[in-house]
Each structure stands twice: as C-alpha cells, then as structure tokens.
1. Quick one: which residue in 319, 309 is out of contact with any Asp or Glu (no Cβ under 8 Å at 6 or more places or on another chain), surrounded by 20 or more Cβ atoms within 10 Å (Cβ to Cβ) and over 23 Å from residue 79 (Cα atoms)?
2. Out of segment 213-260, which residues are over 33 Å from the mean Cα position of the chain (by Cα) and charged (D, E, K, R)?
3. Scan segment 290-339 for residues that are among the small types (Gly, Ala, Ser) and within 28 Å of the chain's Cα centre (by Cα) and jot them down.
4. Restrict the check to segment 125-146 and report whether at least one residue is of a type in the set (Asp, Glu) and either closer than 30 Å to residue 248 by Cα or outside any helix (DSSP H, G or I) (or both).
5. In segment 167-202, what residues are outside any helix (DSSP H, G or I) and hydrophobic (A, V, I, L, M, F, W, C)?
6. When residues of segment 293-319 are filtered for being in a loop (DSSP other than H, G, I, E, B) and aromatic (Phe, Trp, Tyr), how many remain?
7. Take segment 188-202 and flag every residue that is open to solvent by 40 Å² or more (accessible area, probe 1.4 Å) and more than 14 Å from residue 279 (Cα to Cα).
8. Scan segment 216-235 for residues that are part of a helix (DSSP H, G or I) and open to solvent by less than 50 Å² (accessible area, probe 1.4 Å) and jot them down.
Amino acid sequence: MSSNIFASGCSSGLLPRSAPPQARTDERRQNGVIKKDSSSQEDLSFQDLTSIEKERRQLLLRSELPFWRILSYYRGTSLRAVVSDSLVWTTLLIYVWIRWRANTIDYVPAAVAMMEKTNVNILGGFLSFFLVLFVNQTNDRFLEMYGFSKACSGRIQDIAGLAKTQLPAEVGEKLVRHFNAAHIAGYVGLNAIGMGSPYSKTFFFDHYNAENNLLTPGEMKILSHHDMDNSGLCMKELTTWCQLDVAQARKDGHIDSYQEKYMHDKILAFRAAMDGMYDYTDQPPHFFYIHFLVLLSALYLPLFAIDTAYAAGWGADKAIGLDILQGLIVFLQCVFVVGLRSLATNMIDPYGDDLEDLSVINYVEGTLEICSTIMNARQE
C-alpha cells in the first residue's frame, strides 16, 4: 500500500479518493503539524503589510534614543498592553475604593490589624521569578526563530553564488527562481499552524511572483493542487524542485558529484531552517504554564492593592499625599507584572502582524535583491 500512496503522490500530490479511511492522510494534518482553521482570518493587503513593516523597521531604530524620547512613544511599548488590560484597572479600582473608604471614616477598622499579619511580598517574589523566567524563555525562542529566518536567506544566497559561478546562466537562474519561490511560499504556509500568519498567497506570494517572475504560469499550474495558504507542502515541493534542478545539472555535465552534494547540503540546510520555524510555531510554550502565570497575576495584583491600601494609613494617620504615592506604587507593580507577561506573550509568535514581530518583508526583499546582484555580477 505504501508504494501506491507514493506513486499517487508523485503524479497528483494527493491520496486517491478510493483509499480506505485508515490509509488516507488526516486532512487536519499537513507538513507534520496540525492545521488551524484560518478561514475566518482576514488577509492583509500588500500595502497593509508594507505599512506595518515600515513602522516595524522604524521601531528597531528607537533602541538607542535618549530616555525622554523613548518615553514619548506609545505604539510598540508596554503602555499599550498595560492600559488595555482589565486586570490593571480592576487592581487600581480596588485600591481607590479602599482609600476612598479610609478617607470617609475617622476610626481604624479591625481589618487593619489583621492585614498587618499578612505577607503578600512572598507571592510577589515567586511571581517575579516565574515572569522573568518566562521572558527569558520566549526571548531565546524569538532569537532562535530569527536565526532560522536569516539562515534561510543565507542558504539562498549561497546557492545563488554557486549557481552563478558553476552553472550555465539559464540553469542557474531557474534554480535561484525556484529557491526564492520556496522561501516566500514557506512564510505563506505558516498561516496553516499556530496563531496564523498575515502573509497570504494572494497578497504576498503572488505580488513577489509577478514582480520577480519567480514561477512561470505552467509551474504555478503544477503547484495548484497545494493550498499554499493552509499548508507548508508547497514550500516542500519547491525545495525538492531545487534539488531536481541540481541533479539535472549534474546529469547534463555542468557540475560534478562533489559540487552536486555541496549544493544539496545547502538546499537541505534551508529546508531544515524552514522546518525549525514551523516546529517552533506549531509548539508554543505550554498553555498550562501561561495559565499558571495569568492565574498568579490575577490573584496577586488585587491582593497587593488591598495590602498597600490598608497600609496607607487610617484615622489620624491618613494623608492625601501618601494615598497618591501608594497608588503610584500599585500602578508600577501592575506595569511590572502585566508588562513582563505581555512582553513574553508578544515574542511567542514572531511571524504575526505586531510591530514587535520579525521583519519578513525585509528578509524576502533583501534576499531577492542580493540574488539579483549576484546573478547580474560582471567582472568586465
């Protein structure tokens, strides 16, 4: 049965409809990962993508600005996450209500003495440890995925250099075209898994294909059985096309077996890097861990607000200035907890449409430009 399956796959890319249910590939699983239902996700136009990319690149240049310039920004900062989080406002309202109550009575409630025996700081210490650990884990994950993206670009440039110097112009250009098409199709295929991707076939792949003539109409027809927006298999097939191009070049006598192996190694390294992106996207940090942090945050911040509010003074000890100072401390604690949590969650999916995500358009266009420079290089 295995031979029939692979024979059918070579001709049409799909399992025969007559195959029994137990022999058919699970339609919810492609490229080794579980597909997501992305039918409800609205695709961003290429203009929208370039607008996000432009602001994303500008955001990267703000890191070395003076502190007063950094504090003047709102988009792409922790403040946006803090002010939109209902837990922050709930915590502040708890503090404000208790302090309003303290300023409307002249006696000291019995609960004040009881609150002096509590120690919320222990919970805060544990939460801080887990939050910082979470940020470190997601930051390592983010940088790893950035490395995969740059590795994909680097392997394409390697092949472009080898194709320019070792293959006839027509053969080399075909190989580089297919490799760049595989690169772009790989980012589109990410929409099938994880949290999805804003890069669609219509507004992303087709734009670069028309602009750079990566695939001919005949080649696009051959690939039409793949749903590029909901599968990484198109990238896999295009990568295999690159290997077939190299194998054919050896058969035609353009390169020897050693050169062929070296090119195959570069192509397979590209596929491994792209697979790394898919693997990380398919397996985010455990929901159990994230739920644990959210639960701790939801319990800790209100308790911290209550503890701080009761410690701000009652009866003759109360003062408006102290109320404001303690309220500021409660707000800063919210910024710390919610800010760290939001920072970590934003780094989980670096191939989305957030300003903090990776600059996919920059990687694709940079690779295309470098490949064009390599293929058009002249010494005379």
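1. Numbers: 319 fails: surrounded by 20 or more Cβ atoms within 10 Å (Cβ to Cβ).
Matching residue, one of 319, 309: 309.
2. Selection gives 250, 251, 252, 256, 260.
3. The answer is 297, 298, 339.
4. no
5. 167, 193, 195
6. So the first thing to find is which residues in segment 293-319 are in a loop (DSSP other than H, G, I, E, B), and the list is 311-314, 318-319.
Subsequent filtering for residues that are aromatic (Phe, Trp, Tyr) retains 314.
Summing the residues that are in a loop (DSSP other than H, G, I, E, B) and aromatic (Phe, Trp, Tyr) in segment 293-319 gives 1.
7. 201, 202
8. Passing the criteria: 218, 219, 220, 223, 228, 229, 230, 234, 235.
The values are calculated or read from the model by the stated rules, or taken from the named source; none is laboratory data. On a predicted model such as this, the values are computed, not experimentally measured, just so you know. Please note: Cβ atoms are built from the backbone with ideal geometry, for glycine as well, and neighbour counts cover all protein chains shown. Just so you know, the surface numbers come from the protein's heavy atoms only, side chains and all, with ligands and any DNA or RNA stripped out. Shrake-Rupley method; radii C 1.70, N 1.55, O 1.52, S 1.80 Å.
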